[in-house]
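Enquirer: Shown below is the structure under consideration.
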Amino acid sequence: MEAPRSPKLLKLLPSFTDFAFLLPVMYLFGRMDGAKSLLGDCDTGWHIRTGEWIFANHRVPLTDMFSFSRPGDPWFAWEWLADIILAGLNNAGGLRAVVLFSTVLLALTFMLLYRILRDKSNAIIAIVITVLVAAASSIHWLARPHLFTFLFLVLFYEALERVREGHTHLGSIPYLAMLPVATIVWTNLHGGFFVGILMIGAYGGGEVLRIVFSEDREAGYEKWIKAGKFFGCALACLAASLVNPYFYHLHVHIFKYLQDPFLTKHVLEYLSPNFHNPSAPFFEALLVLAAGAAFWNVSKGRYTEPLLLVMWAHSALLAGRNIPIFAIAAAIPAAKSVREWIELLPDLHVAGWVRRVAQQFSQLAARTGETESVGRWHLVSALVVAMVAAVIWAPNPPNKFHAEFDPKRYPSGALATLRSDPSARIYTDDEWGDYLIWSLYPTHKVFVDGRDDFYGEDFLERFIDVYNVKYDWEKILGRYDVDTILLATNAPLAGALKESSRWRLIFDDGVAVIFRSARKSVAASNSVAQSGNGSGRDREVTKTAAGDQAITEHRRKS
């Protein structure tokens, strides 16, 4: 019998699906710094410039074009397709379009995740877990190519769950045949494509463990067939990932890069999580749920979930940038387990009020599910996105909607001085190097930027030696003919430069200082440009302190 058509009024009202879609919007522009959070890492800048170079040259770069320290050396632009997308957005609407696109990409990711969780548990559990996942993963919400990995992970997860449950086809197309095709796209968008391959392998491994620990030997053949399909799909995805401009050399490059000990010593995103971060409580809650879900699933003879949880929890505890991957991977096992625990409560020997609460919750979840099953027009979601776009494009948007690289963090005031000397060979840190690529390329090249995989451990160690004023810092600068140095006012090197007779301070605005070599200094009347709170700075402010080195060695990274 056909269900009665829902009232039009209900179709107009928001649902939990709308709430899940709008979670990133609310979190970004409520709790976080909005557009400045998404643009909190200037790697976005060189991704855009790379995309523009591809548009202009109609090919993917094979050598570096951004640095004067390693000009023409081999470089893997391994996220070239995402770079094109970001460049196209920037060309169409500037950083405003990049911010809006990134926000919508996050919104789609968590909306799809919620709908998967709703099918695995119920609407209430699903929205609670989605909130936890969103809050935990916010530690790595940046307008960069890795946002595509979040979306593809959710899509792969949905397909793998359907296959495991016996729904092997989408229409007439097998899910496991679709994943290798999707891998081609994923590979050229972001280097996290291997996450999908590992996910498929974990599903195959889960089936193997079911065979090993199962007492039903007669069903073993069917399980081996299912495991073989998963492993075959993983191999097909691995083969599909070779469809990229660099062929297998990309895989070798990524493997070597992730094995580089420099990352775990110096780069913040590759360090273990900081549990003082505001998002840490949500990560901790997911860790607890994941541990409970892992033990629960093992007790039920299900091994795919524990494999996924152990694999991605380990990766998240090794490197903070993996927390979003773990959070998404933990969502489905956590939601399913919580539903099963609640359903189990009425039959346990527990306090009566606990059984009553569990029953009432189940009844509420059932009623909510009926309401959620009614088709909606999602007008609220569309309206909110339109409103965000309108505010972002307003002539004078509020601070959180101002799509720019924060001038309090980046040396925007120093750009005019740097532009006045097109021949300058500028030394600055990697993050400000990204900003210079964004702001000054192609007239100026950089000493270093956020492409750690390109520069390598030896070069980056020399860069840090200069920054921390190691004994041979001047020799290193001389090797690369550096004649201009751009630094934050509190950088250790700034104090040494103020003491040196070989360098002249030519700019100080309280955010950044610029030094030029004495042989290239401009006339004394133009030697110091001061503005704002930089006017009263003396040498003591930027002298190297004993405790500086341990701090400055840890750097942000894309």
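The values are calculated or read from the model by the stated rules, or taken from the named source; none is laboratory data. Given the structure is predicted, the values throughout are model-derived calculations rather than measurements. Neighbour counts run over all protein chains shown; Cβ positions are idealised from the backbone, glycine included.
Enquirer: Taking Arg356 as meeting all but one of (1) modelled with pLDDT under 95; (2) in contact with a helix residue (DSSP H, G or I) (Cβ under 8 Å, 6 or more places away or on another chain); (3) in a helix (DSSP H, G or I); (4) farther than 30 Å from Lys11 by Cβ, write down the number of the exception.
Expert: Status for Arg356: all satisfied but (2).
Enquirer: Would you please name the residue that is nearest to the chain's Cα centre (by Cα), looking only at residues in region 190-231 that are of a type in the set (A, V, I, L, M) and under 14 Å from Leu153 (Cα atoms)?
Expert: Among them, the one singled out is Val195.
Enquirer: Ala416: outside the structural domain of Gly93 (by TED's automatic domain parsing) and in contact with a Leu (Cβ under 7 Å, 6 or more places away or on another chain), yes or no?
Expert: So Ala416 does not fit the description; no.
Enquirer: Now, a different point. Somewhere in region 49-56, is a residue among the hydrophobic types (A, V, I, L, M, F, W, C) and farther than 20 Å from Gly191 by Cβ?
Expert: Within region 49-56, one or more residues are among the hydrophobic types (A, V, I, L, M, F, W, C) and farther than 20 Å from Gly191 by Cβ.
Enquirer: Additional query: Which members of region 13-28 meet the condition of being under 17 Å from Pro398 (Cβ atoms) and buried (at least 19 other Cβ atoms within 10 Å of the Cβ)?
Expert: Scanning region 13-28 gives Val25, Tyr27, Leu28.
Enquirer: Tell me, yes or no, whether region 50-61 has at least one residue that is assigned to a helix (DSSP H, G or I), outside the structural domain of Ala327 (by TED's automatic domain parsing), crowded, with 23+ Cβ neighbours inside 10 Å and modelled with pLDDT of 95 or more.
Expert: Yes, there is a match, as at least one residue in region 50-61 is assigned to a helix (DSSP H, G or I), outside the structural domain of Ala327 (by TED's automatic domain parsing), crowded, with 23+ Cβ neighbours inside 10 Å and modelled with pLDDT of 95 or more.
Enquirer: Give the residues of region 143-171 that are outside any helix (DSSP H, G or I) and surrounded by fewer than 19 Cβ atoms within 10 Å (Cβ to Cβ), sorted by residue number.
Expert: Glu165, Gly166, His167, Thr168, His169, Leu170, Gly171
Enquirer: Moving on to the next point. Which one is nearest to the chain's Cα centre (by Cα) among residues in region 366-397 that are part of a loop (DSSP other than H, G, I, E, B) and free of Cβ contacts under 8 Å to residues at least 24 places away in the same chain?
Expert: So the residue we want is Pro397.
Enquirer: So for region 398-409 (the condition being touching a Pro at 6+ places or on another chain (Cβ under 9 Å) and in a loop (DSSP other than H, G, I, E, B)), does at least one residue qualify?
Expert: Yes: one or more hits.
Enquirer: Considering only residues that are of a type in the set (S, T, N, Q) and buried (at least 17 other Cβ atoms within 10 Å of the Cβ), look in region 89-109 and name the one that is farthest from Leu39 (Cα to Cα).
Expert: So, considering only residues that are of a type in the set (S, T, N, Q) and buried (at least 17 other Cβ atoms within 10 Å of the Cβ), the one farthest from Leu39 (Cα to Cα) is Thr109.
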